[in-house]
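A quick write-up on the structure given underneath.
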Amino acid sequence: MEDGLYIAHETAVIDPGCKIGDGTRIWHFSHIMADCVIGSFCNIGQNVVVSPKVILGDNVKVQNNVSIYTGVICENDVFLGPGCVFTNVLNPRSAISRRGEYLPTLVRRGATVGANATVLCGHMIGEYAMIGAGAVVTKDVPPHALMVGNPARRLGWVSKAGERLHFNEDGIAICPHGGEKYRLEGGELNIL
């Protein structure tokens, strides 16, 4: 089905009130729930659930079998790997409605959440951070951090291109992909 300037497979379900940008593609069996905002040139893979009022920026890539629950905001150029999951309540119970207790989660520009990773609600993933496959994010993630494990811990740093950075004795690293220079100072990564 083609509606406006985005394309949705005939098995996709798009609820009323959604705003979907030009060039976006929505694939088989995905459900875009009410009042979502999805930017331009996004790719929503097969069997994806985007809950009400989720916001996805431009050029967001959502791989197959991803669950994005109310309260999640992904800025431009975010990559969500296959099977990753976001939560929106810290202490869910079937018999207790917690709809008024949803905690927001912000995924900043250019960040990657790896396959089968889980992001607990109420946290921020910094710009260009890389969450490894299967990691469980339980706290805020700094920009450019490489996070792995359960709970996720910082293993190192990555460039804008997602390349692992290796620092010389002066605390400087050069991205092997794009040649950008980075300096590590006081636990923060700065682009030179």
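Just so it is clear, none of the values below were taken in a lab; they were calculated from the coordinates. Because the structure is a prediction, the values reported are computed rather than measured. Every residue, glycine as well, gets a Cβ built from its backbone with ideal geometry; the counts of neighbours run over all protein chains shown.
Note down the net charge around Ala135, summing +1 for each Lys or Arg and -1 for each Asp or Glu among other residues with Cβ under 13 Å from its Cβ. Can you show the working numbers first?
Values: positive: Lys139, Arg153, Arg154; negative: none.
Counting the neighbours of Ala135, the net charge comes to +3.
Note on the chain: with charges restricted to the Cβ of Lys and Arg (+1) and Asp and Glu (-1), its dipole about the Cα centre is near 560 debye. Structural descriptor for region 1-95: relative contact order 19 percent, calculated from alpha carbon pairs under 8 angstrom and at least 6 residues apart. Its relative contact order, with pairs defined as Cα atoms under 8 Å and 6+ residues apart, puts the chain at 10 percent. Note on Lys181: aspartates and glutamates with a C-alpha under 17 Å away, same-chain residues under 8 apart excluded, are Glu127, Glu163, Glu169, Asp170.
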